[in-house]
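Everything below concerns the one structure shown next.
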Amino acid sequence: MNGQALVDAVREAKATELDRLGSDKYLIAATGADLEGAPVLRSVAESAASGRDTFSRWADEATGDAASAFETAAEAECDRFDRVVDSLAALPDDDADAAATIDGTDAPLEDALAEVDGTVERLAAAFVGRPLVADRTLLQVVSFFVNEADEQRADLARDLRSETQARLDEGVDLLDAVCETDADWERAQRAAEDVVAAAYEAYATALEAMGVDPKPVC
């Protein structure tokens, strides 16, 4: 296996979950059905805060190229957080002080990422599983702001989605460099799939709590 084959394998294995995470029900789950600009941006900021803190901790615990990769990822999440919070604070109907309460603890993947251990597993979680989820969910953020005729925030979400794809591409190269055996690749794939599964479980649980079926209506 190689990095690209792993990404393809995770996409195939978790196709149903990823498709549903990219549905128009995602923002209902992420915002508690509060479909306004501020709650949508807060959900994105929570994710960035969680990534910032998790990747910073992983950088401290890793060595070599993995430490550098996690440090760079943490810095990128910090930048994403600042940009989203700035956009949030500029909304006319939002309390700017509310941004101070965003600490990542409400991010759907916070607990799942905290449980990941091992360099291979953490690289796969950070650079494959999490970006695959974000690619789908950010598509709904783009669509939301397009529908709101808010091109500035739609463009911000597009930029975040493009950066997510770049992180996934980086993950391919990183895993090619660190995975040496079939067992390494198996652990990496399992870790990435576990992240997607955790994101879907949080999504489905949130919808079911509101009486909404997470499955598409056929």
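Read the figures in this text as sums done on the coordinates, not as results from a lab. Everything quoted here is computed from the prediction, not taken from an experiment. Backbone-built Cβ (ideal geometry, glycine too); neighbour counts: all protein chains shown.
Report, in whole Å, the centroid distance computed from the Cα atoms of segment 108-148 and segment 19-55.
Their Cα centres are 10 Å away from one another.
Based solely on its DSSP helices, what 222 nm [θ] is calculated for the chain when runs of n ≥ 4 H residues each add -39,500 (n - 2.57) and the sum is averaged over all residues, nearest 500 deg cm²/dmol? If you can, show how the numbers build up before the last one.
Values: 10 runs with 160 residues, N = 218.
That calculation yields -24500 deg cm²/dmol at 222 nm.
Round to the nearest 0.05 the FRET efficiency obtained for Asp19 and Ala90 when R0 = 30 Å and r is the Cβ-Cβ distance. Let's see the in-between values first.
Details: r = 33 Å, r/R0 = 1.10.
Computed FRET efficiency for Asp19 and Ala90: 0.35.
Calculate how steeply helix 151-178 sits against the longest principal axis of the alpha-carbon atoms of the chain, using the helix alpha-carbon long axis, and give the answer as 0 to 90 degrees to the nearest 10.
So the inclination is approximately 10 degrees.
Mind checking the log10 I(q)/I(0) for the chain at q = 0.13 Å⁻¹? Debye, one equal scatterer per Cα, no solvent, two decimals.
Rounded to two decimals, the profile gives -0.71.
I want to verify the translational diffusion coefficient of segment 1-78 in µm²/s; compute it with Stokes-Einstein, Rh as the Kirkwood radius over Cα pairs, at 4 °C and 1.567 mPa s.
Numbers: Rh = 14.8 Å.
So the translational diffusion coefficient is about 87 µm²/s.
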